[in-house]
């Protein structure tokens, strides 16, 4: 697949919807030159949320290990030293978060779509996200506060981490006929090799 055809999945989580940030977030992706190729408003079921987070069968263990390391790095005692136990706790918090209200699920396409959107979104924790990123500009949550409250960090948005992850997630949320193929006039500027369609 050519880089110009790279696809990625984005989910605007319930806090994005409740705070009226849908248009603002979409406009950032559009201004970067990406093209929306699928969109739907849904209230995910717990089963769908679990499928989403576990498209990688190692997700629970990886997430558990990562969480335990983060606790220890910050000089805190993890809730358990068992990665599976910690991973399942994180999954339950995320399931509750994703299913508490409507979300907007989108598929986007364009050059380096996965990396561009990850850069625009910012790091997973809003507190440590750079100014200028979506999470850095529009929310103030942190892992510390989320842990104290016993919930998932409210970070507005999910964005696929890799091309492989994106393919799996898009096929989970969208049927083939829900992904639309169409042209945008702006693509001639972004992708035309010689820019020879400008002057008359």
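No value in this document is a laboratory result; all are computed from the given coordinates. Keep in mind that this is a model prediction, so the values were computed, not measured. Glycine also receives a Cβ, built like all others from the backbone with ideal geometry; neighbour counts cover every protein chain displayed.
Of all residues in the stretch 125-168, those that are surrounded by fewer than 18 Cβ atoms within 10 Å (Cβ to Cβ), touching a strand residue (DSSP E or B) at 6+ places or on another chain (Cβ under 8 Å) and more than 28 Å from residue 57 (Cα to Cα) total 0. For beta carbons closer than 8 Å, sequence separation of 6+ or different chains, a first residue in the stretch 173-200 that is in contact (Cβ under 8 Å) with a residue 24 or more places away in the chain and a second that is surrounded by 10 or more Cβ atoms within 10 Å (Cβ to Cβ) and in a loop (DSSP other than H, G, I, E, B), the qualifying pairs are 186/33; 190/33; 190/110; 190/111; 191/111. Checking each residue in the stretch 91-100 for being part of a helix (DSSP H, G or I) and surrounded by fewer than 19 Cβ atoms within 10 Å (Cβ to Cβ) picks out 92, 93, 96, 99. Scanning the stretch 16-43 for residues that are farther than 18 Å from residue 111 by Cβ and out of contact with any strand residue (DSSP E or B) (no Cβ under 9 Å at 6 or more places or on another chain) yields a total of 6.
Residues of the stretch 105-115 that are touching a helix residue (DSSP H, G or I) at 6+ places or on another chain (Cβ under 8 Å) and outside any strand (DSSP E or B): 110, 111, 112, 113, 114. For the stretch 92-104, the condition of being under 20 Å from residue 164 (Cβ atoms) and out of contact with any helix residue (DSSP H, G or I) (no Cβ under 7 Å at 6 or more places or on another chain) holds for none of the residues. Going by the structure shown, is residue 9 crowded, with 17+ Cβ neighbours inside 10 Å and in a helix (DSSP H, G or I)? Against the criterion (crowded, with 17+ Cβ neighbours inside 10 Å and in a helix (DSSP H, G or I)), residue 9 does not qualify.
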